[in-house]
There are 2 protein chains.
Amino acid sequence: MDQRAIGVFDSGFGGLTAVRRLRAIMPAEDIVYFGDTSRVPYGNRSRDTILRYARQDTRFLRSFDLKAIVVACGTVSSNCLDVLAAENDIPIIGVVEPAVRSAAALTRNRRVGVIATRASIGSGAYERAFRRLDEALEVTSLACPLFVPLVEEGRCRPGDIVIETVAEQYLAPMREKGVDTLVLGCTHYPLLAEVIGNVMGPEVTLVDVGAESAAALRALLQERDALAPEGTGAAEYYTSDRAADFQRLASLFLGEDVTGQVGQVDITKY
Amino acid sequence: MDQRAIGVFDSGFGGLTAVRRLRAIMPAEDIVYFGDTSRVPYGNRSRDTILRYARQDTRFLRSFDLKAIVVACGTVSSNCLDVLAAENDIPIIGVVEPAVRSAAALTRNRRVGVIATRASIGSGAYERAFRRLDEALEVTSLACPLFVPLVEEGRCRPGDIVIETVAEQYLAPMREKGVDTLVLGCTHYPLLAEVIGNVMGPEVTLVDVGAESAAALRALLQERDALAPEGTGAAEYYTSDRAADFQRLASLFLGEDVTGQVGQVDITKY
């Protein structure tokens, strides 16, 4: 058993969909979350900038006594997980590998797809991870840069012509490829699962990267006998911008109220 | 005459629409531009964060020998122009006052509108500036947070159902108010002038904040006999993210190629 907390970070709010899954499958664990809302979004930035921000996010989380960190940001996971893992002496779990393993196991026609931010797709990380598992898989990758701002404006529900049009246009090449399994490679995208599912059709399986990384972390902690003792874990949330603004949007992603549990951090000091 | 350069900064690319106007009306001036692309957008952030970023942007520009700075960012102009002006011994021109003066002079029915980012509208700066000029003006303000990401994805042309739907929904309350003059209070919005004009109708005058601040700066320099001597001014561009990425998008806003004129800056050191 290991009572230390699990650290989770993301560029903003999206990582809270992973926290929601973590709390659902490991309710006894303490969680410390950092959302870098003063510099969100990461998805259109260069690799150098993403790495610099990710190192600061990690250093801030390491100011707590942690047993593992979940990088609940597809952009960081795609671009520099290897560097963070090499620089830290606790497990660093990203969102790419767990989702890729799951998608490769689920596909029946061997045609899989990935949608994510421009920086995630540009990194080629998902394609490399699929190739390492199975060279015969046909992988189609697509950047969907408007999905994050549309979700953050609450335009994520079926019946909204804006998100439906954008989703249909982005996903048309994916449908033409006939993928039967689609990785939602950004932690904002679970909020679009219904819209994306309507475009792709019921025969396509959607893989939620946050859920897969939560499951991978549980398996790892179990293997190491490092799960928390039974009970109800606490959660603390930190943001690099105003705590009040964070509380307002957090409920959309987390499905619970975090008022009074949010602190503000000057991330540039880390 | 004053041969020193004019500094211009913005959170990203939008300020280049102001540079375009500056170069059109004052071709002899040297210009140093900084776009904070590693932290763009500012428009949804808190005032404290915006001020911290704006001070760094200003300190970087002051590392050049300048005669004036144009804050070509509606969000910074709305939230902390007074602080920057107090902290600097050269003129700091924002986008709020010049546009408000122009709109107040243009309106015939005394009903004016402002659209801008959430942080600009939330600051109340446009409304206060209108009140100072003329208390009898009826001012309607609206935040349009999706306009910036849509423009940056190139979705700014008539015939695109996504931008047209978003524009119609955002601007419906503005049409109901019957404004005859509308301030485009963000330097990204001139790229939407045609879409916005189609929604508002030909009887509504659109005021471009970048153009108005360029005109205000020329008037100020003329008054002080501080214009550059005749000739063709040079332009240098700096970005806080990768120079190559900047070059790609800059042409959309500036209407000219800037390859080889772009440098990268670590803005957190200022």
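The values are calculated or read from the model by the stated rules, or taken from the named source; none is laboratory data. This structure is a prediction, so every number in the text was calculated from the model and none was measured. Heads up, the Cβs are rebuilt from the backbone with ideal geometry, glycines too, and the neighbour counts pull from every protein chain shown.
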Among the residues of segment B:166-173, is there at least one that is in contact (Cβ under 8 Å) with a residue 12 or more places away in the chain, under 30 Å from B:ARG4 (Cβ atoms) and away from chain A (no Cβ under 14 Å)?
no
Going through segment A:130-152 one residue at a time, which ones are in contact (Cβ under 8 Å) with a residue 12 or more places away in the chain and surrounded by fewer than 17 Cβ atoms within 10 Å (Cβ to Cβ)?
A:LEU133, A:ASP134, A:ALA136, A:GLU138
Go through (1) outside the structural domain of B:ARG224 (by TED's automatic domain parsing); (2) over 24 Å from B:ALA167 (Cα atoms); (3) crowded, with 20+ Cβ neighbours inside 10 Å for B:ALA119 and report which single condition fails.
(2)
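In the set B:ALA172, B:ALA167, B:ALA129, which member is modelled with pLDDT of 95 or more, in a helix (DSSP H, G or I), over 24 Å from A:PRO149 (Cα atoms) and in the same structural domain as B:ARG111 (by TED's automatic domain parsing)?
Values: B:ALA172 fails: over 24 Å from A:PRO149 (Cα atoms); B:ALA167 fails: over 24 Å from A:PRO149 (Cα atoms).
Of the residues listed, the single one that is modelled with pLDDT of 95 or more, in a helix (DSSP H, G or I), over 24 Å from A:PRO149 (Cα atoms) and in the same structural domain as B:ARG111 (by TED's automatic domain parsing) is B:ALA129.
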Here is a list: A:ARG39, A:ARG108, A:ARG101, A:ARG45. Which entry is part of a loop (DSSP other than H, G, I, E, B), assigned by TED's automatic domain parsing to the domain that holds A:ALA143 and of a type outside the set (Asp, Glu)?
A:ARG108
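Return yes when A:THR17 is β-branched (Val, Ile, Thr), in contact with a helix residue (DSSP H, G or I) (Cβ under 6 Å, 6 or more places away or on another chain) and more than 30 Å from A:ASP180 (Cα to Cα) and no when it is not. Spell out how you get there, then give the answer.
Working: β-branched (Val, Ile, Thr): yes; in contact with a helix residue (DSSP H, G or I) (Cβ under 6 Å, 6 or more places away or on another chain): yes; more than 30 Å from A:ASP180 (Cα to Cα): no.
For A:THR17, the condition - β-branched (Val, Ile, Thr), in contact with a helix residue (DSSP H, G or I) (Cβ under 6 Å, 6 or more places away or on another chain) and more than 30 Å from A:ASP180 (Cα to Cα) - is not met.
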Given the options B:ARG111, B:ARG118, name the one that is under 26 Å from B:LEU191 (Cβ atoms), of a type outside the set (Phe, Trp, Tyr) and touching a Pro at 6+ places or on another chain (Cβ under 7 Å).
B:ARG118
Name the single residue that is nearest to the chain's Cα centre (by Cα) among those in segment B:95-130 being closer than 25 Å to B:ASP48 by Cβ and basic (Lys, Arg).
B:ARG118
Hey, does segment B:63-75 have a residue that's in a helix (DSSP H, G or I), in contact with a helix residue (DSSP H, G or I) (Cβ under 7 Å, 6 or more places away or on another chain), under 24 Å from A:PHE246 (Cα atoms) and within 13 Å of chain A (Cβ to nearest Cβ)?
no
Taking only segment A:148-163 into account, find how many residues are more than 10 Å from every other protein chain (Cβ to nearest Cβ) and not in a loop (DSSP other than H, G, I, E, B).
1
